[in-house]
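For reference, the structure is listed below as structure tokens.
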Amino acid sequence: MVAADMSGFDFDAVDFVTSDHHFGHVRISELAGRPFSSVDEMNAVMIERWNALVGPDDVVLQLGDVALGPIEDSVRLTAQLNGRRLLVPGNHDRVSSATQSKRAIERFRPLYEQAGWTVLPELLDGTRSGKRLLASHYPYSSDTTGPDRHTRHRPADEGIPLIHGHTHEHDFGAHGTHEFHVGVDAFGFEPVPFSAIDAWLRSL
């Protein structure tokens, strides 16, 4: 069983990690330079690529911004994704304490759960193969729009390896000395096998 509290998270139970799909978001291809002619094409390609890699029993950790646009439709669309799906909310998720009221979170959490998501805290602190690892939607610093947003909800940089999304970078996974970006824009719109994170952790 994958732990859902902020500390002691069992990263050994996770098979894939990913973030920032923005299912249903009409403008994300324009904003993030994605190679799709329509939102329907984007949704279909990302579902196809996810399901080509992820089996029904695989555990996928999604680090936020899973769906945008008309939220009921876009979240329901994610029910087509394979695997046991864990969501660490990002700023665009309707279950994020960084951007949503408690009332909104209570309203929208059932929608995510009905689509098959287990909603986790916004910062995970645990271990992978005995090494400490953090996971958050946010990197320690940097943003897509210039100044860092949601600073109260970012992890404090104490030198601990961090996997994250949020930035929509296209050209890296590992960067700096101890951060690894897992967003779909950097990985061909596919989930990242956790073996890639293992290799990075061994290199640190």
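The values are calculated or read from the model by the stated rules, or taken from the named source; none is laboratory data. Computed from a prediction, not measured in an experiment: that's the story for all the values here. Counting neighbours? That spans all protein chains shown, and the Cβs are built from the backbone with ideal geometry, glycine included. The area values use the complete protein model at the heavy-atom level, side chains included, leaving out ligands, DNA and RNA. Shrake-Rupley method; radii C 1.70, N 1.55, O 1.52, S 1.80 Å.
Points to keep in mind about this one:
- Every condition in (1) among the hydroxyl-bearing types (S, T, Y); (2) crowded, with 22+ Cβ neighbours inside 10 Å; (3) more than 16 Å from the chain's Cα centre (by Cα) is met by S101 except one, and the failing one is (2).
- E48 vs. criteria over 28 Å from G126 (Cβ atoms), out of contact with any helix residue (DSSP H, G or I) (no Cβ under 9 Å at 6 or more places or on another chain) and surrounded by fewer than 23 Cβ atoms within 10 Å (Cβ to Cβ): yes
- Taking each residue of segment 66-80 that is free of Cβ contacts under 8 Å to residues at least 40 places away in the same chain and looking for partners that are assigned to a helix (DSSP H, G or I) and open to solvent by less than 40 Å² (accessible area, probe 1.4 Å) with beta-carbon atoms closer than 8 Å, six or more apart or interchain, yields E72/L111; R76/L111; Q80/I47.
- Residue identified as acidic (D, E) and either closer than 21 Å to T167 by Cα or open to solvent by less than 30 Å² (accessible area, probe 1.4 Å) (or both) among D93, D57: D93
- Residue in segment 30-39 that is in contact (Cβ under 8 Å) with a residue 40 or more places away in the chain and on the phi > 0 side of the Ramachandran plot present: yes
- When each of L111, L124 is tested for being modelled with pLDDT of 95 or more and closer than 15 Å to F11 by Cβ, the lone residue that passes is L124.
- Selection within segment 173-204 - under 15 Å from T18 (Cα atoms), open to solvent by 50 Å² or more (accessible area, probe 1.4 Å) and either outside any strand (DSSP E or B) or touching a residue at least 40 places away in the same chain (Cβ under 8 Å) (or both): F187, E190, P193, S195
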